[in-house]
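Enquirer: Before I ask anything, here is the structure I am working with.
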Amino acid sequence: MDATRVAEILEAAESDGLLSVECRLDALFRAAGQPRLVLSPEALKAVTAKAAATSLLCTTQLATAEMLERLGDAPRNAELAEAVAAGLPQDLLEEALRQPGGFLKTAGALRASAADSPDLVSAVFSPCVLDPVLDELLIGALKEGAEIVFCETPIPTGFSRARLIDIALVVSPDGIEQDYLTDAVDAAVQSTPGLVLVIGGLGAAVMSLGLDYASEEGAAAGAALCALVRAIATGAAFPAAHAKALGLAPRKAGSRRAVDLIVVPVFDSTAALPECESNGAAPMTSVLAFGDDSPTLSRAARLGLARRSPEALPLVLKAVAESGRQVLAQALGEGRLRDRGFSDAAIDRVSRALGEGLPLNAAFSRWVLGDEIITNDLRLPPENFDADGMALLSAIGFSRKDIQTADASIEGSGNEAASRLLASHGLPAGASSGAQISFATACSKALAGPVVMTVGARDGLDVAEAALVAGVSVQLLGQRAPVPEDVRVRMEHVLTLAEEIAAEADEPVETYTPASTFSEPVRRKRLPDRRKGYIQKATVGGHKVYLHTGEFDNGELGEIFLDMHKEGAAFRSLMNNFAIATSIGLQYGVPLEEFVDAFVFTRFEPAGAVTGNDRITRATSILDYIFRELAVSYLQRDDLAEADVTHDGLGRGAADGTREAPVPFTDEAAQIISRGFSRGQLPDNIVILDKKRAEKLVQEDMEATEEESLEAPNYLSDACPVCGSFTMFEISEDGDIECDTCGEEGQISS
């Protein structure tokens, strides 16, 4: 094969995703070329210390870069002094001042250094028998994030030239494309003498053939694929047993070529081959592919299902495409989202995002929902939710527990649903550790080279020991232990305190007047012992709420009491004490308007439909309902009501026909009835005697001044024969009398 033909084949294979570009082996497998050490306590302690130091260095670099970025491009000396006082190293500050690009360039260099740092510290050991001491030290190293490899045979050096091959791509609806594979492997071997060929995608290839990874047929197919690649690359024979497993013809041995073949878990397979659906000899972890509109099954899953149950393929594809909406309904509920302002368009956008595999935080962010929905439907500022969908859910009334539960249920739920559908048709995506060991063992024998199996920290050391006994090399992936609970709680307190300190620093400095110039201090205004008010019973989101009010003599609100029982003793006690705090504030002169502005439209459960209140039909929380009711009743804030109700709560209201419009509340009326109950309007069936008498006397004496005091007449002991009131008095010396209530005139009876 001439050089031109080789270049054309390699270009086509790389474009198809069958072969990766040529690279160093350690760019695919971190442990490549590392010497195999003897496992000992000292060696494990050194690995643990190195892993901890690497993690600390990366964290420090990122934190320092963030401090420099906060200073901006051209900070002032005062800002630099504050940064030094806050802990910014002086040497780093001098270096940033020396750099032509200043602080931002230095911050970028620190971030680049942190990104170039290895994610995991890798160490390679020869297999050995573990004892309790080594077990404990090994677990400690894994908890610091180290990567431990037990290798049966040496791995080629990290400087070796290597290519990754996705063996699943040679499986087509018609079977194995042997000629396509032969051309690609021959071209790769011919172009690079001493090439290391890393085989990947074995799990996806087995699924593409319609076989169960954990079955004997699946292990035989994986071994046959390894034997086929070995025969093509090295010139070895392709035995009849392996050929039968793939439905191919066997081949005799040819001229030998120096090619190393390995099956290892590539630490960044998506960078080498973005479309590779499985890693090394491991089973498939995801059976979904993501397009522009909705998720669908991956290539291997579609091919396998078409081979195994072709009649089920359309139904499964439809179910996968609609999985996002099902996931959303199970996690948060479409009804609850609609109650909080989500339209069908918004729910469709979130459903598509979840179906495409986006996490909860991203699916409810500004870039998925859009500014129009957040502004017009949810009435929230979109700039606050650029990439924080959880904050948006919290702002519309979902509790922290609801959000955490939904996030946990959504993570990986689409892939799990698709995997269940495939498993129901005989194509399970995962496999037990025993099945993986059997698969890797079969591949290792067929390949006559190292096969490295990944064992997660959760699987434990027992699985690793079983794989080593079977002759399979093992890679133990560490995972840095989460922050302990006591540290997490303390950090929450620290961050809360930091926010308070920052808020205080942003507040303007107040100038205080000396105590000698203070006016009389604010005193608490006590309510009368016998006071007016009203009781409003309502139901908010299915929870009964009783609001009791108490008023001053002038009708202003002076206290509130809240009573509800369904939420339990703790919540009821909190609401009672909140009502006491509000009442004390009102009695010390805090305007009701301040409370209303602070608490209306707050969002938390219980929330939803309101029954029992003629002016408010929905509420976002108990506090929203309480203070909207108080605003409507005491402040005439009809903009906070949701129904145009004109009756006054006493008598027959506007239908009485005695007035064209409700009469404004008066000081005299405030002495008799509750201003809140009548909502600031004087009811028709209330008669104010003092006012009526004053009007009559003013009409009789038009020339009297407004400052002239009016003396009450001497009422007679007889009742009025018309209205029955004891308000009869003499109007002349001839014995003429008149009723002060109804105006009836008469004579004193003899």
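Enquirer: When you scan segment 650-662, do you find a residue that is among the small types (Gly, Ala, Ser), surrounded by 19 or more Cβ atoms within 10 Å (Cβ to Cβ) and modelled with pLDDT under 85, even just one?
Expert: No, every residue in segment 650-662 fails to be among the small types (Gly, Ala, Ser), surrounded by 19 or more Cβ atoms within 10 Å (Cβ to Cβ) and modelled with pLDDT under 85.
Enquirer: Of the residues Ser20, Ser15, only one is within 41 Å of the chain's Cα centre (by Cα), open to solvent by 80 Å² or more (accessible area, probe 1.4 Å) and under 30 Å from Thr270 (Cβ atoms); which?
Expert: Ser15
Enquirer: Within segment 269-384, considering only helices (runs of 4 or more DSSP H) that don't extend past its boundaries, which have at least 3 residues that are under 30 Å from Ala395 (Cα atoms) and under 24 Å from the mean Cα position of the chain (by Cα)?
Expert: 323-331, 334-339, 344-355, 360-363, 366-369
Enquirer: Is it fair to say Leu93 is of a type in the set (A, V, I, L, M, F, W, C), within 20 Å of Leu56 (Cβ to Cβ) and either surrounded by 12 or more Cβ atoms within 10 Å (Cβ to Cβ) or in contact with a strand residue (DSSP E or B) (Cβ under 9 Å, 6 or more places away or on another chain) (or both)?
Expert: Spelling it out, it is not the case that Leu93 is of a type in the set (A, V, I, L, M, F, W, C), within 20 Å of Leu56 (Cβ to Cβ) and either surrounded by 12 or more Cβ atoms within 10 Å (Cβ to Cβ) or in contact with a strand residue (DSSP E or B) (Cβ under 9 Å, 6 or more places away or on another chain) (or both).
Enquirer: In the set Val483, Val489, Val474, which member is open to solvent by less than 70 Å² (accessible area, probe 1.4 Å), among the β-branched types (Val, Ile, Thr) and over 13 Å from Ala282 (Cα atoms)?
Expert: After ruling out the rest, the residue left standing is Val489.
Enquirer: Still on this model: Of the residues in segment 31-55, how many are on the phi > 0 side of the Ramachandran plot and not small (Gly, Ala, Ser)?
Expert: 0
Enquirer: Outside any loop (DSSP other than H, G, I, E, B) and of a type outside the set (Val, Ile, Thr): which single residue out of Glu605, Glu629, Glu642 fits that description?
Expert: When all the criteria are applied, what remains is Glu629.
Enquirer: With respect to Glu277, determine if the residue is crowded, with 17+ Cβ neighbours inside 10 Å, modelled with pLDDT of 85 or more and of a type in the set (Asp, Glu).
Expert: Considered against the rule, which asks whether it is crowded, with 17+ Cβ neighbours inside 10 Å, modelled with pLDDT of 85 or more and of a type in the set (Asp, Glu), Glu277 comes out as yes.
Enquirer: Further question on the same structure: Go through segment 328-368 and give me each residue that's within 24 Å of Leu317 (Cβ to Cβ) and among the basic types (Lys, Arg).
Expert: Of everything in segment 328-368, those that are within 24 Å of Leu317 (Cβ to Cβ) and among the basic types (Lys, Arg) turn out to be Arg349, Arg352.
Enquirer: So, in segment 429-443, exactly how many residues are within 15 Å of Leu202 (Cα to Cα) and modelled with pLDDT under 90?
Expert: Looking only at that region, the number is 3.
Enquirer: Part of a loop (DSSP other than H, G, I, E, B), free of Cβ contacts under 8 Å to residues at least 40 places away in the same chain, among the small types (Gly, Ala, Ser) and open to solvent by less than 90 Å² (accessible area, probe 1.4 Å), is that true of Gly33?
Expert: no
Residue by residue, here is whether (1) more than 15 Å from Ile199 (Cα to Cα); (2) among the small types (Gly, Ala, Ser) holds:
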site: Glu8; (1), (2): yes, no
site: Ala13; (1), (2): no, yes
site: Leu18; (1), (2): no, no
site: Val21; (1), (2): no, no
site: Leu25; (1), (2): no, no
site: Leu28; (1), (2): no, no
site: Gly33; (1), (2): yes, yes
site: Leu39; (1), (2): yes, no
site: Lys45; (1), (2): yes, no
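Enquirer: From the residues in segment 393-426 that are within 16 Å of Ser621 (Cα to Cα) and in a helix (DSSP H, G or I), which one is least open to solvent (accessible area, probe 1.4 Å)?
Expert: Among those that are within 16 Å of Ser621 (Cα to Cα) and in a helix (DSSP H, G or I), it is Leu393.
Enquirer: Out of Glu504, Glu485, which single residue is modelled with pLDDT of 80 or more and over 30 Å from Val124 (Cβ atoms)?
Expert: Glu485
Enquirer: Moving on. Any residue at all in segment 628-641 that's open to solvent by less than 60 Å² (accessible area, probe 1.4 Å) and of a type in the set (Asp, Glu)?
Expert: Yes, segment 628-641 contains a residue that is open to solvent by less than 60 Å² (accessible area, probe 1.4 Å) and of a type in the set (Asp, Glu).
Enquirer: Got a sec? Which of Thr54, Thr48, Thr60, Thr64 is farther than 25 Å from Leu137 by Cβ, β-branched (Val, Ile, Thr) and buried (at least 16 other Cβ atoms within 10 Å of the Cβ)?
Expert: Going through Thr54, Thr48, Thr60, Thr64 in turn, the sole match is Thr64.
Enquirer: So, one more: From Thr539, Thr549, Thr496, grab the single residue that is within 31 Å of the chain's Cα centre (by Cα) and at pLDDT 85 or above.
Expert: The conditions single out Thr539.
Enquirer: On the basis of being modelled with pLDDT of 90 or more and open to solvent by 40 Å² or more (accessible area, probe 1.4 Å), does Ala306 make the cut?
Expert: So Ala306 passes the test.
The values are calculated or read from the model by the stated rules, or taken from the named source; none is laboratory data. Computed from a prediction, not measured in an experiment: that's the story for all the values here. FYI the Cβ positions are ideal-geometry reconstructions off the backbone, even for glycines, and counts take in every protein chain you see. What goes into the accessible areas is simple: the full protein's heavy atoms, side chains included, and nothing from ligands, DNA or RNA. Shrake-Rupley method; radii C 1.70, N 1.55, O 1.52, S 1.80 Å.
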